[in-house]
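Written below as structure tokens is the structure these notes are about.
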Amino acid sequence: MTTDATALITDALQHLGVLAETQIPSAEDLTLGLRRLNFLVETWSLKRLVQGLETFANATQDYDLPDGCAEALGAALAIRIAPAYGAVVTPEVRELARMTLDTIKDANVSIPSVRVDDGLLRIGSRRAYDILTDG
């Protein structure tokens, strides 16, 4: 999804009830939001939660975000900036943040396959014990 930091910051402030649907963030809101958004992106990158996610250079540059990231970033950012506004994070926003981050984590899980050397499956000329067949 293509979006900019202004849209993510606006979503976060709307989640908190700081902005109404028709309002736009002030310059101060954008400055704070951009800084906290980049902290969040850096944290997710360190935890290797999302591949290809980079920090935002400014509030208006468009970025192609990996699937599911826009909503997850908006909800997580709301939790991060709530104290600065004296806002209370609703259970619905907390659940949205948890659910969307879980979806991202699930999408990034890779189950490695294990190769077993054929020599380990045989003892001498006969086949090794098979726990599944008890033989």
Among the helices (runs of 4 or more DSSP H) confined wholly to segment 1-90, which include 3 or more residues that are out of contact with any Leu (no Cβ under 7 Å at 6 or more places or on another chain) and farther than 20 Å from LYS105 by Cβ?
5-15, 27-46
How do the pairs read when you match residues in segment 1-25 that are closer than 15 Å to CYS69 by Cβ and surrounded by 20 or more Cβ atoms within 10 Å (Cβ to Cβ) with residues anywhere that are at pLDDT 95 or above and of a type in the set (Asp, Glu), using Cβ under 7 Å and keeping only pairs 6 or more apart or on different chains?
ILE9/ASP29
Out of the residues in segment 32-51 that are closer than 16 Å to ILE81 by Cβ and in contact (Cβ under 8 Å) with a residue 24 or more places away in the chain, which is surrounded by the most Cβ atoms within 10 Å (Cβ to Cβ)?
GLY33
Could you grab me the full set of residues in segment 85-96 that are of a type in the set (Gly, Ala, Ser) and touching a Gly at 6+ places or on another chain (Cβ under 9 Å)?
ALA87
From the residues in segment 52-105 that are of a type in the set (S, T, N, Q) and more than 12 Å from LEU16 (Cβ to Cβ), which one is surrounded by the most Cβ atoms within 10 Å (Cβ to Cβ)?
THR100
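The values are calculated or read from the model by the stated rules, or taken from the named source; none is laboratory data. What you see is a predicted model; the values in this text were computed from it and never measured. Counting neighbours? That spans all protein chains shown, and the Cβs are built from the backbone with ideal geometry, glycine included.
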